Amino acid sequence: MALGRRGSGAPKEEATTWRDQLSALRNLPPFFRLIYRTSPSLTITNVVLRVLQAALPTAILYVGKLIIDEVVAIIGGQGDTTFLWQMIALELGLALASDLLSRAISLVDGLLGDLYNNRTSVDLMRHAASLDLYHFEDSEFYDKMERARRQTSSRANLISQLLAQFQSTVTLVVLGVSVAAFEPWLIVLLIVAVIPSFVQENYFNQQMYSLTRSWTPERRELDYLRYIGASDITAKEVKIFGLANFITDRFDKLSMDYYWANRTLSIKRASWGAFFSAISSLTYYGAYVLIIFQTINGVISIGSLTFLAGAFRRMQSGLQTILSRFSTIGENALYLQDLFDFFAIEPLIADKGNSLPFPNPIRTGWEFENVSFAYPNSETPAIKNLSFKLPVGQKVALVGENGAGKTTLVKLLARLYEPSAGRILLDGRDLREYELSSLRDNVGVIFQDFFRYQLTARENIAVGRIEEIGNQPRIEDSSDKSLASEVVSTLADGYDQLLGRRFAGAVDLSGGQWQKIALARAYMRDAQLLILDEPTSALDARAEYEVFQRFTALIEGKTAVLISHRFSTVRMADHILFLEYGGLVEEGSHEELTALGGRYAELFDLQAAGYK
């Protein structure tokens, strides 16, 4: 991602409308189905508890009315003290029940939210793993994935909001029926008081969503700057090149740009919110004064006064909460669309109907027929009109300068990409006809930029065939073959030693030691096709030569593709392909290519001269 591409201008906000928000509500049914699938028992329990809780406010207010009227009657010499104490006991019981229900609802909400977080996180990771490699090389995809990732946790509160909305609506209906029985005009006054505040709140929720969404690339950039500014991976270069001020100044500028944009919106929201809140308060007290006049004139009792005043206040607060929550739910439903949009992305590289099992063993090998490939959004092909054969059992080396298309070629072999033109054959059948999982299962690739897992040594090696993680003899055999056993023998906890720097008690390795661990994954894989894409670049020339000598001896009978810039290693291959600008320039054995006197021989002589 290019840093600072916004320049000094503010990002363009994408306007959202009422129509967008109402349209986003269609995400709620599938969201609720996801909640229910997460835990049917907790979902049903939550609904039942909230129905019970919803009826309690009206019941408590009405019992309070009866208590006050009975007290007034007792003072007038006409009341019943037994009935009074019964009502007081009933109100106490309702209050205790309300508290218990509230705690139970909070408990169930928390458990359901945690399960939802876990499930959506797992679903997101599994779906991301199913997508094509080119998706992860697209910045727009990363924006979508970043927004979706935020929904796995930040939208968990939407569960509580939806269920609380249901509860509040039930409470409002019960209160409304009760109030309407006394004073129907209070309902009209209530609506007049609350609607403007709702319109204002909803408007600013839409604006906040627009701002947040439009700043997604910048927030990813802020996360990236925060990472490179304080990371063990970048610490050396930050110090050596004096990058601290450059990074922090960039972060400070970008973060302050977002702060000012958010500050302006927040001030407007707070100002208008205070104005409409004042209108709401004036309306309530106007209704309260009218109810008091009715009580003084003997139209209603003192108990009815307390009931209506309390009910009106609760209804006003409840309606404001419902409308505000509706606005928030609409906003969250807009964000929720990001999650469903991500799940809607489908891989293009997938099994077709009646896919063939991968041949075991391979009979003839691979063949490229006029294969071309261009990366998305790139006009220059990385591979163009490439034709060659990779016979079974041969070790083929790919040679060429950086950008020649060597790594792209091996990704095509592993079907991480598919040709833009031409086709790749395996045993005479198009590679796309084979079952993808079995194909990947029979191809082992160790890239130059292999990942250093912050896991134990055993787990780092078992990554090559993770289903065999419990097979210690196989792990040790793979370790011996790659010389990783020499590294493991120096570790205090052996194969159980945690590697890396992220966690306490971990031990980091040198570049060469990490590469031996990575090579053990290739042996662990034990695939029919093994591809080593410059995985020994951190080793010195002698160590790399020894590693490849062992490699060629240990994979006798298997097919292998080697990529290396060192010709001492390349010459061990049975066949060499020299690539340039994505095309095949020369091919043959080391002796044939040096005798040809072409580009291969030229580069070989240049490298050999460095050792004279």
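What nm distance separates the two modelled labels at Ala278 and Ile44, each placed 7 Å from Cα along Cα→Cβ? It works out to 5.2 nm between the two label points. Rounded if a/c is under 1.5, else prolate if a/b is larger than b/c, else oblate: which is the stretch 18-344, with a ≥ b ≥ c the root eigenvalues of its Cα gyration tensor? In terms of gyration-tensor shape, prolate. A full extension of the chain between Asn245 and Arg313 corresponds to an added length of 18.9 nm, given 0.36 nm per residue minus the alpha carbon distance. Between the helical axis of 28-38 and the dominant principal axis of the chain, each derived from Cα atoms, what acute angle in degrees is found, rounded to the nearest 10? With both axes taken from Cα atoms, the answer is about 70 degrees.
Can you bin the chain into rounded, prolate or oblate? Criterion: square roots of the alpha carbon gyration tensor eigenvalues sorted a ≥ b ≥ c, rounded for a/c under 1.5, prolate for a/b above b/c, oblate for the rest. In terms of gyration-tensor shape, prolate. Other residues within the sphere of radius under 15 Å centred on the Cβ of Ala374, judged by their own Cβ, net out at -3 (K and R +1, D and E -1).
Distance from the alpha carbon centroid of the stretch 326-403 to that of the stretch 23-64 works out to 45 angstrom. Oblate is the label for the stretch 210-359. Its Cα gyration tensor axes, ordered a ≥ b ≥ c, give a/c of at least 1.5 and b/c at or above a/b. For the stretch 452-526, the alpha carbon convex hull comes to 73 Å³ per residue, rounded to a whole number. Between the stretch 121-140 and the stretch 557-596, the alpha-carbon centres lie 34 Å apart.
What does a probe at Ala95 reach in the stretch 49-64, counting residues whose amide N is under 19 Å from the point 7 Å along Cα→Cβ? Residues 53-64 fall inside that zone. The angle between the Cα long axis of helix 40-75 and the main principal axis of the chain comes to about 20°, on a 0 to 90 degree scale.
Applying 0.36 nm per residue to the separation of Glu592 and Tyr375 and subtracting their alpha-carbon distance, the gain on full extension is 74.8 nm. Computed from label points 7 Å out along Cα-Cβ, the spacing between Leu554 and Lys268 is 6.5 nm.
Annotation: amide H-H contacts under 5 Å for Val507 (H modelled 1.01 Å from N, sequence separation of 5 or more, or interchain): Leu498, Leu499, Gly500.
When each of the peptides 95-102, 392-399 is scored by how many other beta carbons lie within 10 Å of its residues on average, the order from highest to lowest is 392-399, 95-102. Between the listed residues Met125, Ile563, Ala54, the Cα displaced farthest toward the positive end of the dipole of the chain, a dipole computed from Cβ unit charges relative to the Cα centre, is found at Ala54. The simple Förster model, with R0 at 56 Å and r as the Cβ-Cβ distance, assigns Gln294 and Ser255 a FRET efficiency of 0.45.
The label-point distance for Gln448 and Thr81, in a model that sets each label 7 Å from Cα toward Cβ, rounds to 9.6 nm. May I ask which residue of Tyr258, Gly310, Leu115 lies farthest towards the positive end of the charge dipole of the stretch 18-344, with charges of +1 (Lys, Arg) and -1 (Asp, Glu) on Cβ and the Cα centre as origin? With unit charges placed on the Cβ atoms, the residue in question is Tyr258. For the chain, the longest principal axis of the Cα atoms and the long axis of helix 139-154 meet at an angle of about 40 degrees. Its Cα centre serving as origin, the chain has a Cβ charge dipole (Lys and Arg +1, Asp and Glu -1) of approximately 1280 debye. 3J(HN,Hα) along the stretch 166-180, derived from phi through the Karplus expression 6.51 cos²θ - 1.76 cosθ + 1.60 where θ = phi - 60°, amounts to 4, 5, 5, 5, 4, 4, 5, 5, 5, 5, x, 4, 5, 5, 4 Hz, with x in place of Gly and Pro. Quick query: amide H of Glu586 versus all other amide H atoms, modeled in the peptide plane; which residues come in under 5 Å with a sequence gap of 5 or more or a different chain? For Glu586, the qualifying residues are Phe578. Here the stretch 18-344 is treated with +1 on each Lys and Arg Cβ and -1 on each Asp and Glu Cβ, and its dipole about the Cα centre works out to around 120 debye.
Its DSSP H runs of at least 4 residues, each contributing -39,500 (n - 2.57), put the calculated 222 nm mean residue ellipticity of the chain at -21000 deg cm²/dmol, to the nearest 500. Of Lys389/Lys411; Lys389/Lys558; Lys352/Lys395; Lys384/Lys406; Lys395/Lys558, which pairs sit farther than 19 Å apart, going by alpha carbon to alpha carbon? Table pairs above 19 Å Cα-Cα are Lys352/Lys395.
Read-outs throughout are calculated quantities, based only on the coordinates presented, and are distinct from any laboratory measurement. The structure presented is a predicted model; accordingly, all values stated were derived computationally and were not measured. Methodologically, a virtual Cβ is constructed for each residue, glycine included, from the backbone with ideal geometry; neighbour enumeration extends over all protein chains shown.
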